[in-house]
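> This structure is in structure tokens; I'll ask about it shortly.
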Amino acid sequence: MTHRITRRHVSAGIGAAIISPAWASAPAFAQGGDPIKIGFSMAQTGSLAGAGKQALLGAQIWEKEINGKGGLLGRPVKLIYYDDQTNPATVPGIYAKLLDVDKVDLVIGPYGTNLVAPTLPAVMPKGKTLIGLFALDANHDFQYPKYFSMLPSGPTPKQSFTDTSA
């Protein structure tokens, strides 16, 4: 059986990764306190801009809906994001700014191996959990224990994508 990854699957997966913290939240309470800041880069220009714009819109809709229901853990959610221009060279600076200047609570990776791989060295020294989006074995060389890939490819991702036995 062959599974094709479509733009709809990519957009749905990114939206699911961004909203997954809501699944673990307690029932909504009246909003109060500082917002939970979720930071990420998302292609708004460059070759991945089409999918990036869709994913950003989905994240913004989720932010509005979750805040309308009382936020997460009784706190409002604030998305902080920057255009990575589909350029791996821009990613480390973006994540340094998210962590050091914006002081985000949670970081979501950009999507795609070429953009997630340069994110890891920026996030690792801060000890933050990072959820990578559609990155094929980006953590292979780093072995960062707080990295989670939102790509259902199992323990051998490189081989899984070329395995024709299923």
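> With respect to residue 89, is the statement that it is in a helix (DSSP H, G or I), modelled with pLDDT of 95 or more and open to solvent by 70 Å² or more (accessible area, probe 1.4 Å) true?
It is true that residue 89 is in a helix (DSSP H, G or I), modelled with pLDDT of 95 or more and open to solvent by 70 Å² or more (accessible area, probe 1.4 Å).
> Here's a follow-up. Can residue 73 be described as open to solvent by less than 60 Å² (accessible area, probe 1.4 Å) and hydrophobic (A, V, I, L, M, F, W, C)?
The answer is no for residue 73.
> Can you tell me which residues in the stretch 113-125 are part of a loop (DSSP other than H, G, I, E, B) and not polar (S, T, N, Q)?
Scanning the stretch 113-125 gives 117, 118.
> Just checking, which of 28, 51 is assigned to a loop (DSSP other than H, G, I, E, B), at pLDDT below 95 and either in contact with a Lys or Arg (Cβ under 6 Å, 6 or more places away or on another chain) or not polar (S, T, N, Q) (or both)? Quick ask: steps written out before the conclusion?
On the way: 51 fails: assigned to a loop (DSSP other than H, G, I, E, B).
Checking each option against the conditions leaves just 28.
> Looking at (1) part of a helix (DSSP H, G or I); (2) over 21 Å from residue 135 (Cα atoms), find the lone condition where residue 95 falls short.
(2)
> Here are some conditions: (1) open to solvent by less than 40 Å² (accessible area, probe 1.4 Å); (2) more than 18 Å from residue 37 (Cβ to Cβ); (3) within 14 Å of the chain's Cα centre (by Cα); (4) at pLDDT 95 or above. Residue 58 meets all but one. Which one does it not meet?
(4)
> Which one of the conditions (1) open to solvent by 50 Å² or more (accessible area, probe 1.4 Å); (2) assigned to a helix (DSSP H, G or I); (3) β-branched (Val, Ile, Thr) does residue 45 fail to meet, given that it meets all the rest?
Unmet condition: (2).
> For residue 110, state whether it is crowded, with 23+ Cβ neighbours inside 10 Å and not in a helix (DSSP H, G or I).
The answer is yes for residue 110.
> So, in the stretch 117-147, exactly how many residues are at pLDDT below 85 and either touching a strand residue (DSSP E or B) at 6+ places or on another chain (Cβ under 9 Å) or buried (at least 16 other Cβ atoms within 10 Å of the Cβ) (or both)?
7
The values are calculated or read from the model by the stated rules, or taken from the named source; none is laboratory data. What you see is a predicted model, and the numbers here were worked out from it, not measured in a lab. We place every Cβ from the backbone using ideal geometry, glycine too, and count neighbours over all the protein chains shown. Please note that ligands, DNA and RNA were not included when accessible areas were found on the heavy atoms of the full protein model with its side chains. Shrake-Rupley method; radii C 1.70, N 1.55, O 1.52, S 1.80 Å.
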